[in-house]
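Let me begin by presenting the structure, written as structure tokens, before commenting on it.
Where a number appears in this text, it was derived from the coordinates with a stated rule and is not lab data. Source: prediction; values computed, not measured. Cβ coordinates were reconstructed from backbone atoms using ideal geometry, including for glycine residues, and neighbour counts include every protein chain displayed.
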Amino acid sequence: MLKIKNLHASVEDKEILKGINLEINAGEVHAIMGPNGSGKSTLANVVAGKEEYEQTSGEIIFENQEISELEADERAHKGLFLSFQYPVEIPGVSVTNFMKTAINENRKAQGLEDMPAKDMLKKIREKSELLDMDRKFLSRSLNEGFSGGEKKRNEIFQMAMLEPKLAILDETDSGLDIDALRIVSNGVNKLRTKDNAVLVITHYQRLLDYIVPDYVHVLLEGKIVKSGGKELAYKLEEHGYDWIKEEMKAV
Ligand SMILES: Nc1ncnc2c1ncn2[C@@H]1O[C@H](COP(=O)(O)OP(=O)(O)OP(=O)(O)O)[C@@H](O)[C@H]1O
């Protein structure tokens, strides 16, 4: 589904990503971990095609198409969504109405008719129940002031509604209390189907206890230096990142 080959990228002319290789197939969940400033968000933003992030060399192939030249919106319409793909603080627009517009615009870009209102309501009901969002939450205006945890829940709600082929979630667990973490993780788990994949970026292994990734990758100074299963996340939690640096020095 996604193949990243020798990707280099810069922010404000500073090289941040220094040769990333990564392959994600349908049905898989991948997690990226790494210390502050290692380039995790840069990777997410470059893959999503955000303007400030410049891909200087390498390839990003999504669904067998090189997408480096595509704008963020075009990538999204192909099914590659980054959390908070859309602006989230639009005055006077409710959580639900925003979602209706986003879904229909996405369908329009794919040459599809608007989703029938009945189907839209059913979908909103189903996905909001999954994330334990009540009517009051859904009717709140987007600029009303959401807490960090509520923003995260809304972010996953957007993803659950849009059902992207590849959902990229940055800092998914930040600001969540224990109950919200469980609820949001449940939502993330439902994003993975046999046809859809998920890439999560996280600092903590606790999220991975709930979503159980197939692969964990460690990003250090702009490079993926180690990949493994969930046990890698436990080792990082216990020992930090220094042992990997030592291992690299020894090679
Ligand atoms: N918009 C920007 N302008 C200038 N420098 C940036 C910008 N975004 C990121 N950087 C720089 O790129 C480097 C990597 O940042 P990035 O946000 O990708 O790291 P991260 O691994 O996601 O960190 P964190 O865990 O702290 O979120 C940092 O040195 C950061 O200062």
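3J(HN,Hα) along the stretch 207-223: 4, 6, 5, 8, 9, 6, x, 6, 9, 10, 10, 9, 9, 10, 6, x, 9 Hz, from the Karplus curve 6.51 cos²θ - 1.76 cosθ + 1.60 with θ = phi - 60°, whole Hz, x for Gly and Pro.
Between helix 148-162 and the chain there is an angle of about 80 degrees, using the helix long axis and the longest principal axis of the Cα atoms. For the pair Val251 and Asn189, a Förster radius of 25 Å applied to the C-beta separation gives a FRET efficiency near 0.10, rounded to the nearest 0.05. Taking Gln65, Gln55, Gln205 as the candidate residues, the one with maximal mean-square fluctuation in a Gaussian network model of the chain, Cα springs under 10 Å, is Gln65. Residues whose amide H lies under 5 Å from that of Lys223, counting only those 5 or more places away or on a different chain, are Lys18; hydrogens are built 1.01 Å from N in the peptide plane. Among rounded, prolate and oblate, which fits the stretch 118-199 when a ≥ b ≥ c are the square roots of the eigenvalues of its C-alpha gyration tensor, a/c under 1.5 means rounded, and a/b larger than b/c means prolate? The shape class here is oblate. So what's the angle, to the nearest 10 degrees on a 0 to 90 scale, between helix 230-239 and the longest Cα principal axis of the chain? Its long axis makes an angle of about 60 degrees.
Residues whose amide H comes within less than 5 Å of that of Arg140, counting only those at least five positions distant or on another chain, are Val95 (H built at 1.01 Å from N in the peptide plane). Amide H to amide H, with H built 1.01 Å from N, Ala197 comes under 5 Å of Gly27, Leu166, Ala167, counting only residues 5 or more places away or on other chains.
Considering only alpha-carbon pairs that sit under 8 angstrom and 6 or more positions apart, the relative contact order computed for the chain is 27 percent.
Only helices enter this figure: runs of n ≥ 4 DSSP H residues, each worth -39500 (n - 2.57), summed and divided by the residues of the chain, yield -12500 deg cm²/dmol at 222 nm to the nearest 500. Applying the Karplus relation 6.51 cos²θ - 1.76 cosθ + 1.60 with θ = phi - 60° to the stretch 177-188 yields 3J(HN,Hα) values of 7, 4, 5, 5, 4, 5, 5, 5, 4, 4, x, 5 Hz, where x marks Gly and Pro.
Across the stretch 166-173, coupling constants 3J(HN,Hα) worked out from phi with the 6.51/-1.76/1.60 Karplus curve, θ = phi - 60°, read 10, 9, 10, 10, 9, 6, 4, 9 Hz, and Gly and Pro carry x.
Extension gain, Glu221 to His239: 0.36 nm times the residue separation minus the Cα-Cα distance gives 4.7 nm. Note on the chain: with a GNM built from Cα contacts shorter than 10 Å, the maximum mean-square fluctuation among Leu112, Leu199, Leu169 falls on Leu112. Of the residues Ala26, Ala160, Ala109, which exhibits the maximal mean-square fluctuation in a Gaussian network model of the chain defined by a 10 Å Cα contact cut-off? Fluctuation is largest for Ala109. Rg over Rh for the stretch 92-230 works out to 1.00, using Cα positions for both radii and the Kirkwood form for Rh.
Extension gain, Asp209 to Arg125: 0.36 nm times the residue separation minus the Cα-Cα distance gives 27.5 nm. Under a model in which nothing but the beta-carbon of Lys, Arg (+1) and Asp, Glu (-1) is charged, the chain shows a dipole of about 700 debye around its Cα centre.
With N denoting the number of residues in the chain, provide Rg(C-alpha) divided by 2.2 N^0.38 Å, to two decimal places.
After normalising by residue count via 2.2 N^0.38 Å, the value is 1.01.
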